[in-house]
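A short worksheet on the structure shown next.
No value in this document is a laboratory result; all are computed from the given coordinates. What you see is a predicted model; the values in this text were computed from it and never measured.
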């Protein structure tokens, strides 16, 4: 099941880029290292505890990235129409 989630390093990069969607699971530090833990409250990154980061599904990450790219392309298109 862990293969359904983006890797920890990608989850961190998504968070840096503004990913703040509600997720069913999160990465959390424990004594044994980083674990994937069920997130019953469907937290987003903005409401995670310290040492915790959301673990989005690959589909969530791809959908979010697609939406971001489409928004950026619309901005570029508007810029070209006015210049």
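Data for the structure
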{"item": "Pairwise centroid distance, computed over Cα atoms, of region 1-55 with region 66-83, Å", "result": "30 Å"}
{"item": "Calculated [θ] (222 nm, deg cm²/dmol) that DSSP helices of n ≥ 4 give over the chain, each run adding -39,500 (n - 2.57)", "result": "-13500 deg cm²/dmol"}
{"item": "Contour excess over end-to-end distance, with Cα ends at residue 71 and residue 37 and 0.36 nm allotted per residue", "result": "9.1 nm"}
{"item": "Mean Cα-pair separation over length for the chain, i.e. relative contact order, pairs under 8 Å, 6 or more apart, %", "result": "31 percent"}
{"item": "Options (1) 1.09; (2) 1.27; (3) 1.12 - which one matches Rg/Rh (Cα atoms, Kirkwood Rh) as calculated here", "result": "(3)"}
{"item": "Extension gain (nm, one decimal) between residue 83 and residue 3, 0.36 nm per residue minus Cα-Cα", "result": "24.3 nm"}
